[in-house]
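Notes to accompany the following structure.
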Amino acid sequence: MFNIGGAELIVILLIAFVVVGPKDLPKIARALGKFVRYIKAMVEEVKRETGIDELTEEFKAVERDVKQTAQAVDPRSELQKAQLEVNSQVRQIEQGLSFKDFKQNRGGK
């Protein structure tokens, strides 16, 4: 939920220590922990009641299906294979021809 690193946590604790004081800091930390757990429970309850998690999973499944279908009908890989084959054939033809054959085909100059 929160992406708080070690440095951020230390800064937050130092500020809380200065604002609240060392005596009340444990009480505040416990109350804050209870509040965070309460909010998380409420969010989970809303997710469960609305079915958002199931809907999200369905959307992800549809997205995977669409991507797979798009890849299946994408002609680029077939075109690349055809291009490689044509290039290979052209190289074979070029190797079979000599410069003399090329000059004769251009009018014998």
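Observations on the structure shown:
- GNM on the chain, alpha-carbon springs under 10 angstrom: the most fluctuating residue among 76, 48, 64 is 76.
- Degrees between helix 25-50 axis and first principal axis of the chain (Cα, 0 to 90, nearest 10): 50 degrees
- Remark: spin-label model distance residue 17-residue 49 equals 4.1 nm, labels positioned 7 Å along the Cα→Cβ axis.
- Computed over the stretch 1-93, the Cα gyration tensor eigenvalues convert (square root of 5λ each) into semi-axes of 59, 24, 5 Å, ordered from largest to smallest.
- The chymotrypsin sites (Phe, Trp or Tyr not before Pro) of the stretch 2-82 that meet both conditions, a loop assignment by DSSP and at most 16 other Cβ atoms within 10 Å of the site Cβ, are 2.
- Principal-axis tilt of helix 52-73 within the chain, Cα atoms, nearest 10 degrees: 10 degrees
- Additional length obtainable on full extension of the chain from residue 28 to residue 74, 0.36 nm per residue less Cα span: 10.7 nm
Every number in this text was worked out from the coordinates using simple rules, so none of it is lab data. Note that the structure is a prediction, hence the values are computed from the model and not measured. Ideal geometry is used to build each Cβ from the backbone, glycine not excepted, and the neighbour counts take in all protein chains shown.
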